[in-house]
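A short worksheet on the structure shown next.
The values are calculated or read from the model by the stated rules, or taken from the named source; none is laboratory data. Small disclaimer: the values here were computed from a predicted structure and weren't measured. Cβ atoms come from the backbone with ideal geometry, glycine included; neighbour counts cover every protein chain shown. SASA here: full protein model, heavy atoms, side chains in, ligands and nucleic acids out. Shrake-Rupley method; radii C 1.70, N 1.55, O 1.52, S 1.80 Å.
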Amino acid sequence: TVAAQLGKSFGDRLSAFWQPWATDVMRIERFGADCAAVDASDFVMKVYAPGVRRLTIFRVEFTDNPLTAASFKNIETLPGDGQGSVTGPDANGWFTVTLKDVNADFVGAEDVYECEVTNGAPACASDAT
């Protein structure tokens, strides 16, 4: 399990505003030839999330435990023009994720699209999707 492998539990979703996790939890650690941690250049990966329209990737620091809502940082809205981007999906459900730095845990989710569900009813906040 994730708790056994990574030492913390991610639950089944971030909050009621997000669908259950659409990806596995991905721990990315990158090392140089001297075995020191390296995270200074872009890291690009493909993530498979079939049926997902818009994937959001969250970064969680290794040291965050226990996890709270504040532990989950959207890579596209972190300070400094974000810390990455997500494009896709392609026709087969693959997204391209570019991370500006790694050495953290990452997990993907999709919004619940509450405005579509409620057709703009009062439950739809002005900044909701």
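Here's a check for you: in the stretch 16-44, which residue that is within 13 Å of the chain's Cα centre (by Cα) and open to solvent by less than 50 Å² (accessible area, probe 1.4 Å) is farthest from G108 (Cα to Cα)? My answer is I28. Looking at T87, T68, just one residue is within 20 Å of D12 (Cβ to Cβ), modelled with pLDDT under 95, among the polar types (S, T, N, Q) and exposed (fewer than 13 other Cβ atoms within 10 Å of the Cβ), and that residue is T68. With respect to V60, is the statement that it is at pLDDT 90 or above, hydrophobic (A, V, I, L, M, F, W, C) and exposed (fewer than 12 other Cβ atoms within 10 Å of the Cβ) true? For V60, the condition - at pLDDT 90 or above, hydrophobic (A, V, I, L, M, F, W, C) and exposed (fewer than 12 other Cβ atoms within 10 Å of the Cβ) - is not met. The residues of the stretch 71-84 that are in a loop (DSSP other than H, G, I, E, B) and open to solvent by 20 Å² or more (accessible area, probe 1.4 Å), listed by number, are F72, E76, T77, L78, P79, G80, D81, Q83. Taking interchain pairs and intrachain pairs at least six residues apart, which have beta carbon atoms under 6 angstrom, with the first residue in the stretch 7-25 and more than 16 Å from S71 (Cα to Cα) and small (G, A, S) and the second open to solvent by less than 80 Å² (accessible area, probe 1.4 Å) and outside any loop (DSSP other than H, G, I, E, B)? Pairs that qualify, where the first residue is more than 16 Å from S71 (Cα to Cα) and small (G, A, S) and the partner is open to solvent by less than 80 Å² (accessible area, probe 1.4 Å) and outside any loop (DSSP other than H, G, I, E, B), are A22/G108; A22/A109.
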